[in-house]
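Here's the structure we're looking at; comments come further down.
The values are calculated or read from the model by the stated rules, or taken from the named source; none is laboratory data. Predicted, not measured: the structure shown is a model, and the values here were computed from it. Methodologically, a virtual Cβ is constructed for each residue, glycine included, from the backbone with ideal geometry; neighbour enumeration extends over all protein chains shown. SASA here: full protein model, heavy atoms, side chains in, ligands and nucleic acids out. Shrake-Rupley method; radii C 1.70, N 1.55, O 1.52, S 1.80 Å.
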Amino acid sequence: MTQVFANATVDVITPTTPQQFGQFKVHCWGVEPYNYTFDYVITARTDMQAAQQGIQKFVQDAENLGPKGN
């Protein structure tokens, strides 16, 4: 199986507070042959953690769908 490569951008929906994790919209897109685009809402402590979780989810989803064109 070809390795999945992905990028992500993160927008804050609800900022993190000392009492509560924040909510982030993570926009992920992949490189051919997994050139899908997905948006996720992730609850995390930081935007970096949200990005990492979003990319992990993207990789799982892209692997389940398989390469485009197949």
- Would the stretch 24-35 turn up any residue that is within 11 Å of the chain's Cα centre (by Cα), surrounded by fewer than 14 Cβ atoms within 10 Å (Cβ to Cβ), of a type in the set (A, V, I, L, M) and not in a loop (DSSP other than H, G, I, E, B)? no
- Counting only residues that are farther than 15 Å from Q52 by Cα and either in a strand (DSSP E or B) or touching a residue at least 40 places away in the same chain (Cβ under 8 Å) (or both), how many does the stretch 11-23 have? 4
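Which is open to solvent by 90 Å² or more (accessible area, probe 1.4 Å), of a type in the set (V, I, T) and at pLDDT 95 or above, of V12, V59?
Details: V59 fails: open to solvent by 90 Å² or more (accessible area, probe 1.4 Å).
Criteria check complete, one pass: V12.
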- Note on the structure: Going through the stretch 36-50 in order, the residues found to be more than 22 Å from G66 (Cα to Cα) and either open to solvent by 80 Å² or more (accessible area, probe 1.4 Å) or not in a loop (DSSP other than H, G, I, E, B) (or both) are V41, I42, T43, A44, R45, D47, M48, Q49, A50
